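Only one structure is covered here, and it is reproduced in the block below.
The values are calculated or read from the model by the stated rules, or taken from the named source; none is laboratory data. All of these numbers come straight from a predicted model, not from anything done at the bench. Glycine gets a Cβ as well: all are built from the backbone with ideal geometry, and neighbour counts include every protein chain shown.
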Amino acid sequence: MARDFPKNQSSAPGWMELCLVSTASPHVIVVGNHKGGSGKSTVAMHVIVALLKSGRQVASFDLDVRQRSLTRYIDNRREWARQNGQALELPEHRSLSAPALFGAQADLTGDRIGFCAALGAVQHDFDFVVIDTPGGADPLSLLAHGMADTLVTPINDSFVDLDVIAAVSAVGDAPCEPSWYAENVATAMASRGRVCGRSTDWIVMRNRQLRSGSHHHQPVAEVLEMLAPKLGFRIAAGLSERVVYREFFPFGLTALDPLEGRLLGVSPSLSHVMARIEVRQLVEALVLPIGRDDPPGSVGPEIGAMLDPQPPAAEPAPRPPSMAAAGRP
Ligand SMILES: Nc1ncnc2c1ncn2[C@@H]1O[C@H](COP(=O)(O)OP(=O)(O)OP(=O)(O)O)[C@@H](O)[C@H]1O
Ligand SMILES: [Mg+2]
């Protein structure tokens with residue numbers, strides 16, 4: 001039984017609003033995990049940019065009212081593109097704290113009404129809605145989980161993160177009992193099924209994996225494989241620990257963007273190329289209703305050229321953001 005949902009459906013966090021997304025379009029992707037710092041905003045941004053680069057219309061929502069990382073990431077992207085005269089794809093973005101969505105009502109009911117109104121406003125004009133959620137069992141985040149056609153859960157490649165999905169202990173039986181987050185996902189999915197009869201494709205991916213060779217023992221991956229059929233998720237190849245995922249935030253750039261040394265102060269490295277490939281593989285693993293021959297984030301000619309055998313460059317960080325503030329990162 002979920003610990004954080006009210007037991008009485010009439011007082012549940014707005015399950016009837018799930019009717020809002022009972023139609024086939026847009027496809028709603030929620031990036032969620034109650035564990036903080038698992039890579040939700042990073043993954044959300046890369047999925048958004050991958051979809052935009054494939055020509056899809058994307059609306060994005062940031063439900064993290066405190067940190068607003070996705071909103072800041074998108075703001076940085078817009079500003080960096082403006083300052084450098086670059087044409088970068090941008091989603092139609094809504095933040096929970098934006099007046100249009102949040103209004104004067106700071107209570108949950110107001111949030112819920114604002115969120116659902118904003119979602120309703122984009123539902124006919126966009127192919128995809130991507131929702132980034134905060135850590136913790138925020139009621140609005142739980143509601144968003146119930147709206148997901150696709151739920152992506154990044155976990156850091158660690159048993160501490162895995163424990164939020166299923167109880168992990170070396171003592172006693174093998175881990176198989178769902179934990180806090182998995183219980184809430186199950187409740188959200190069940191509510192969604194009741195209200196609109198639609199299912200959720202739940203995908204768990206490991207983030208910040210250390211690159212230690214393909215034959216290296218990967219205990220978290222092995223436990224995930226065991227848990228997947230029991231808890232009802234699929235596993236997607238995740239992302240490695242890479243500078244490109246954490247240092248490009250101030251510029252609003254992603255591994256999928258053209259990485260011009262002229263603008264960034266670093267030359268694209270083999271790590272950039274590998275990051276782009278693993279993001280593409282992640283998006284492909286989501287099996288989204290793209291309906292096109294060109295998969296999102298597909299390897300473009302410039303990357304094909306970079307894949308020619310060459311000694312891997314070191315992985316330098318781009319110039320610091322203080323230089324971006326001066327108009328030239
Ligand atoms: N694959 C990666 N390689 C290196 N750094 C990463 C990677 N993924 C995320 N990070 C970094 O890890 C930190 C947490 O990532 P992020 O903010 O995306 O997580 P989050 O789940 O959204 O966190 P929160 O729960 O606080 O919203 C950030 O500093 C981010 O730049
Ligand atoms: Mg976040």
Worksheet item: Quick one: Leu288 ticks every box in (1) part of a helix (DSSP H, G or I); (2) at pLDDT 90 or above; (3) surrounded by fewer than 23 Cβ atoms within 10 Å (Cβ to Cβ) bar one, so which box is it?
Response: (1)
Item to complete: Would you please name the residue that is nearest to ligand 1 (Cβ to nearest atom), looking only at residues in segment 122-137 that are touching a helix residue (DSSP H, G or I) at 6+ places or on another chain (Cβ under 9 Å) and small (Gly, Ala, Ser)?
Response: Gly135
Discussion item. Criterion first (out of contact with any Lys or Arg (no Cβ under 8 Å at 6 or more places or on another chain), polar (S, T, N, Q) and under 22 Å from Ala285 (Cβ atoms)) does Thr153 satisfy it?
Written reply: yes
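So in segment 196-235, with the set limited to residues that are β-branched (Val, Ile, Thr) and modelled with pLDDT under 90, which one is farthest from ligand 1 (Cβ to nearest atom)? Outline the logic, then answer.
If we filter segment 196-235 for residues that are β-branched (Val, Ile, Thr), which is where we start, we get 200, 203-204, 220, 223, 235.
Add one more test, that the residue is modelled with pLDDT under 90, and what stays is 220, 223.
Details: Val220: 14, Val223: 20 Å.
Once the filter is applied, the top-ranked residue is Val223.
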Practice prompt. Determine if segment 159-166 includes at least one residue that is closer than 23 Å to Leu288 by Cα and either of a type in the set (Gly, Ala, Ser) or modelled with pLDDT of 90 or more (or both).
Written response: no
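Among Ser11, Ser54, which is the only one that is at pLDDT below 95, touching a Lys or Arg at 6+ places or on another chain (Cβ under 7 Å) and over 22 Å from Ala121 (Cβ atoms)?
Details: Ser11 fails: touching a Lys or Arg at 6+ places or on another chain (Cβ under 7 Å).
Criteria check complete, one pass: Ser54.
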Fill in: Residue check for Gln67: in a loop (DSSP other than H, G, I, E, B) and at pLDDT below 95
yes
Discussion item. Scan segment 57-73 and tell me whether some residue there is free of Cβ contacts under 8 Å to residues at least 40 places away in the same chain, away from ligand 1 (no atom under 12 Å from the Cβ) and of a type outside the set (S, T, N, Q).
Written reply: no
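If you check Val21 against the conditions, is it buried (at least 24 other Cβ atoms within 10 Å of the Cβ), modelled with pLDDT under 95 and more than 22 Å from Trp180 (Cβ to Cβ)? So that I can check it myself, show each step before the final result.
Working: buried (at least 24 other Cβ atoms within 10 Å of the Cβ): yes; modelled with pLDDT under 95: yes; more than 22 Å from Trp180 (Cβ to Cβ): yes.
Yes, satisfied.
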Worksheet item: Among (1) surrounded by fewer than 22 Cβ atoms within 10 Å (Cβ to Cβ); (2) under 30 Å from Glu92 (Cα atoms); (3) in contact (Cβ under 8 Å) with a residue 12 or more places away in the chain; (4) more than 16 Å from ligand 1 (Cβ to nearest atom), where does Leu119 come up short?
Response: (1)
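Please go through segment 23-43 and give me each residue that is assigned to a strand (DSSP E or B) and more than 10 Å from ligand 2 (Cβ to nearest atom), ordered by number. Write out each step before concluding.
Residues of segment 23-43 that are assigned to a strand (DSSP E or B), as a first pass: 27-31.
Passing the criteria: His27, Val28, Ile29, Val30.
Here are Gly297, Gly193, Gly238: which of them is on the phi > 0 side of the Ramachandran plot and either modelled with pLDDT of 85 or more or not in a helix (DSSP H, G or I) (or both)? Don't jump to the end; show me each part of the working.
On the way: Gly193 fails: on the phi > 0 side of the Ramachandran plot; Gly238 fails: on the phi > 0 side of the Ramachandran plot.
The unique qualifying residue is Gly297.
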